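Presented below is the structure to which this report refers.
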Amino acid sequence: MTQRVLIIGASVGGATAAITLRGLGVETVLVERELHKAKPCGGAVPPAAFKEFDLPAELIDRKVKHCLVVSPSGQETHIDVAGSVPSADDYVAMVRREVFDGFLRSRAQERGAELIHGQLIALRVEPRGVRATYRRIADGSEHTLHADAVIGADGAYSPTARFLGLPNLPRAVAIQERIALPASQMARWEDTADLYLGREVSPDLYAWAFPKRDHIAVGIGAGPGYTAHARELLANLKARLGPALDGGRLILREAHALPMEPRKQMAFDRAMLIGDAAGLVVHTSGEGIYWAMKSGQIAAQVLARHLDAPSAANLRAYEQLWWSEYGSMYTFLRWLQKWGYGNERQMEVFTEMCRNPDVQRLTFDSYMHKQMAPAPWGAQLRMTWDILCAQARNYLRRRTPLREQRQYALGV
Ligand SMILES: Cc1cc2nc3c(=O)[nH]c(=O)nc-3n(C[C@H](O)[C@H](O)[C@H](O)COP(=O)(O)OP(=O)(O)OC[C@H]3O[C@@H](n4cnc5c(N)ncnc54)[C@H](O)[C@@H]3O)c2cc1C
């Protein structure tokens with residue numbers, strides 16, 4: 001009998017899992033409830049995603065080559081996007097999710113995956129297979145599907161995880177506005193992305209201004225304790241950007257949750273979770289697109305190998321591969337988020353630390369190319385020295401936050 005895999009969610013993770021499964025000859029069905037709405041997202045994607053998943057450059061709105069980091073007191077650090085060995089591939093790609101996700105879904109369909117526009121409403125894992133019920137969006141009718149296994153690629157609120165009886169993960173909220181600016185204003189962000197730190201714009205994560213083809217996307221992240229203040233924080237960010245947004249026209253306001261902790265278990269009998277459903281967002285940057293795609297690819301490869309016996313014991317090879325490859329990076333970036341964004345003095349230190357050339361090279365090697373090589377001893381010593389000096393400077397002298405200098409509303 002033909003073996004079949006059901007994937008819930010046809011966003012970046014689900015579509016990549018489907019493409020991988022089809023490449024391995026597995027019959028694949030995707031169920032997606034929102035085919036016509038973009039996933040709320042800053043859309044920053046590393047070049048590694050374009051190389052590893054063979055994506056065309058036409059998906060890129062802009063290539064960001066410079067970053068500006070602004071501390072709570074207004075200290076600025078300007079960084080060129082460059083790894084240890086500078087190359088033409090040194091950039092951060094800015095994409096619009098409606099374009100990016102649409103491409104991946106079409107590719108999955110071209111490779112033979114079936115795409116159903118429906119909402120999963122029930123899921124049962126049985127000894128001989130998986131039974132899923134979905135509601136067709138077009139007419140509200142209910143249908144049941146049978147498959148050998150299911151991949152939950154259904155995001156931060158993952159209904160698949162819920163039907164498997166798993167608890168919710170702690171969640172942050174990210175909210176962003178897309179603002180069309182006059183060309184003269186857009187020039188400021190031609191190939192530059194901004195990151196803003198400060199309690200009034202993002203108490204424990206960061207705020208951003210990311211340039212797209214015809215607009216700027218300004219947004220903030222708010223960790224689990226601050227989600228109720230998200231709108232206020234965004235208003236403060238816009239106040240902080242001030243005249244840079246003059247003449248702007250709001251195109252869209254969008255928000256969604258971000259998981260703040262990976263799941264302890266991501267593979268079960270006949271079921272796997274990937275991307276946001278598995279909590280695989282990176283803490284310091286809120287980066288989740290590459291990780292959803294990569295986890296979709298690895299989960300699909302493991303599942304295809306074990307489709308004859310998709311037991312938890314066999315499928316957990318996916319978790320082992322994942323954590324042996326990326327475990328230390330997740331641990332480090334989680335620590336970095338707590339250390340760098342823990343309070344405003346640390347945010348000042350973080351902004352200064354970004355000036356260190358070794359820190360820049362390491363950051364961009366790991367972000368752009370997903371190369372997690374340990375830093376040479378010399379670089380480690382230089383970074384440690386610079387960090388200690390920045391700590392001393394910022395703890396001995398109080399810097400006045402911008403909100404006090406300029407008297408705009410305090411968020412939280
Ligand atoms: C405001 C914001 C900004 C962000 N900025 C960035 C960034 O710049 N760079 C970056 O790398 N990451 C960013 N992220 C994170 C990134 O968006 C996610 O990590 C990524 O989209 C996860 O992909 P995924 O495929 O796992 O899940 P998602 O993209 O969340 O997709 C889940 C899919 O499942 C579908 N679904 C859910 N329930 C059902 C159901 N019952 N039936 C059928 N389908 C269902 C949804 O419609 C959705 O299409 C941002 C997130 C937010 C909220």
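The values are calculated or read from the model by the stated rules, or taken from the named source; none is laboratory data. Predicted model, so just to flag it, every value in this text is computed and none were measured. Here the Cβ positions follow ideal geometry from the backbone for every residue, glycine too, while neighbour counts run over all protein chains shown. Just so you know, the surface numbers come from the protein's heavy atoms only, side chains and all, with ligands and any DNA or RNA stripped out. Shrake-Rupley method; radii C 1.70, N 1.55, O 1.52, S 1.80 Å.
Here are the numbers for this structure:
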item	result
Meets criteria (in the same structural domain as Gly102 (by TED's automatic domain parsing), modelled with pLDDT of 95 or more and buried (at least 16 other Cβ atoms within 10 Å of the Cβ)) for His117	yes
Close pairs from the stretch 164-181: first over 16 Å from Ala277 (Cβ atoms) and in contact (Cβ under 8 Å) with a residue 60 or more places away in the chain, partner polar (S, T, N, Q) and within 15 Å of the ligand (Cβ to nearest atom), Cβ under 6 Å, at least 6 apart	Val173/Thr227
Residue check for Ala235: part of a helix (DSSP H, G or I) and open to solvent by 10 Å² or more (accessible area, probe 1.4 Å)	yes
Pick from the stretch 125-144, criterion open to solvent by 20 Å² or more (accessible area, probe 1.4 Å), in contact (Cβ under 8 Å) with a residue 40 or more places away in the chain and of a type in the set (A, V, I, L, M), ranking: farthest from the ligand (Cβ to nearest atom)	Val125
Criterion: within 12 Å of the ligand (Cβ to nearest atom) and either in contact (Cβ under 8 Å) with a residue 12 or more places away in the chain or out of contact with any helix residue (DSSP H, G or I) (no Cβ under 9 Å at 6 or more places or on another chain) (or both) - qualifying residue of Ala38, Ala82	Ala38
Filtered residues of the stretch 151-173 (kept if crowded, with 22+ Cβ neighbours inside 10 Å and in contact with a Phe, Trp or Tyr (Cβ under 9 Å, 6 or more places away or on another chain))	Gly152, Ala172, Val173
Matching residues in the stretch 213-232 - criterion: being open to solvent by less than 30 Å² (accessible area, probe 1.4 Å), in contact with a Gly (Cβ under 7 Å, 6 or more places away or on another chain) and not aliphatic (A, V, I, L, M)	Gly219, Gly221
Any hit, the stretch 308-320, residues being of a type outside the set (A, V, I, L, M), buried (at least 17 other Cβ atoms within 10 Å of the Cβ) and in contact with a His (Cβ under 9 Å, 6 or more places away or on another chain)	yes
Any hit, the stretch 242-253, residues being more than 13 Å from the ligand (Cβ to nearest atom) and more than 17 Å from Arg178 (Cβ to Cβ)	yes
Checking Asp269 against (1) open to solvent by less than 20 Å² (accessible area, probe 1.4 Å); (2) more than 8 Å from the ligand (Cβ to nearest atom); (3) not hydrophobic (A, V, I, L, M, F, W, C), the condition it does not meet	(1)
Count of residues meeting criterion [within 11 Å of the ligand (Cβ to nearest atom), within 11 Å of Ala18 (Cα to Cα) and either open to solvent by 10 Å² or more (accessible area, probe 1.4 Å) or of a type in the set (A, V, I, L, M, F, W, C) (or both)] in the stretch 289-298	1
